[in-house]
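Visitor: Could you have a look at this structure, given as structure tokens, before my questions?
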């Protein structure tokens, strides 16, 4: 486990004073059920998930208010809902390869637990709690800003441009753009499903009239459709600006 802790610390750019906090954050209840009473026993991460969820919500709210002081509460809530969603947390956990560091019970291991969406999202919240308990808000804040919020300056400008078009709802934004240009409404189709049941990847195609189409992948049909809508929306905007 020490080597795994070293690797994860290097990935997130933080060294724990109390490494037991990180070990606990990575310990699923299935592992505890099989290890109770054994030497080196570590409690599971469920309470840390609870704490991490609260810390994450606060830090996301704090950062959005700081970055977007003129935005109304409704728009801020939409951004926050996306950033704390299990889908977003799962994607961040995958980027960090968090699954490889988890301590799982044999049954959970055999059932593909290292790739399960809920398990990984919860573990990420537990890691945030571990950072908070070890280094306070500064440590947790640095992690959340770097890995969960971003965004790059280019993405930030894009969000600013689209706040009047139902922020982060690119399906609605695309629909309004099609209406403004008097084009047929977009149609969405799932063209491919890949992977095991607990970690499916969906490919959704969006079509608008005869000349416009795009595809994108996501961990749910909804997220794939949003990504496809965003790609087509941005492409149509760029084409309109260059005309």
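Derivation of every value follows stated rules applied to the coordinates shown; laboratory data play no part. Predicted model only: the values in this text are computed from it and were never measured. For neighbour counting, all protein chains shown are included, and Cβ atoms are generated from backbone atoms with ideal geometry for every residue, glycine included.
Visitor: Can you tell me, using C-alpha contacts under 8 Å and at least 6 residues apart, the relative contact order of the chain as a whole percent? Could the numbers behind the result be given before it?
Guide: Working: 336 pairs, mean separation 41.2, N = 243.
Computed value for the chain: 17 percent relative contact order.
Visitor: Can you put 203, 95, 27, 11 in order of Cβ neighbours within 10 angstrom, beginning with the fewest? Kindly include the intermediate steps, with their values, before the conclusion.
Guide: Working: 203 17, 95 10, 27 24, 11 14.
The fewest-first ordering by Cβ neighbours comes to 95, 11, 203, 27.
Visitor: Another one. Return one quarter of the surface area of the convex hull spanned by the alpha-carbon atoms of segment 1-144, equal to its mean projected area, in nm². The partial results should precede the final answer.
Guide: Details: hull surface 34.3 nm².
Dividing the Cα hull surface by four gives the mean projection, 8.6 nm².
Visitor: With both bridge residues required to lie in the chain, what share of the DSSP beta bridges run antiparallel, to the nearest 5%?
Guide: 95
Visitor: Something else: Tell me the angle of helix 2-12 to the major Cα principal axis of the chain, expressed in degrees between 0 and 90 and rounded to the nearest ten.
Guide: 30
Visitor: Efficiency by 1/(1 + (r/R0)^6): what FRET value for residue 81 and residue 106, r their Cβ-Cβ distance, R0 = 45 Å, to the nearest 0.05?
Guide: Numbers: r = 36 Å, r/R0 = 0.80.
Once the sixth-power term is evaluated, E becomes 0.80.
Visitor: Taking every pair of alpha-carbon atoms in segment 89-133, give the share separated by more than 15 Å as a whole percent. Mind showing how you got there, number by number?
Guide: Numbers: 374 of 990 pairs.
Of all Cα-Cα pairs in segment 89-133, 38 percent lie more than 15 Å apart.
Visitor: What is the Å³ per residue value for the convex hull set by the Cα atoms of the chain?
Guide: Numbers: hull volume 31.9 nm³, N = 243.
Value for the chain: 131 Å³ per residue.
Visitor: So if R0 is 41 Å, what FRET efficiency would residue 17 and residue 188 give, r being the distance between their Cβ atoms, rounded to the nearest 0.05? Let's see the in-between values first.
Guide: Details: r = 49 Å, r/R0 = 1.20.
The pair residue 17/residue 188 has a calculated efficiency of 0.25.
Visitor: Also, I was wondering about something else. What list do you get for 233, 14, 101, 188 if you sort them by fewest beta carbons within 10 Å?
Guide: On the way: 233 26, 14 18, 101 21, 188 15.
Ascending Cβ contact count within 10 Å gives the list 188, 14, 101, 233.
Visitor: What is the distance, in nm, between label points placed 7 Å from the Cα along the Cα-to-Cβ direction at residue 146 and at residue 70?
Guide: Once both label points are built, they end up 3.2 nm from each other.
Visitor: Now, a different point. On each of the three principal axes of the Cα atoms of segment 169-242, give max minus min coordinate, whole Å, ordered largest first.
Guide: Reported extents, whole Å, longest axis first: 41, 19, 18.
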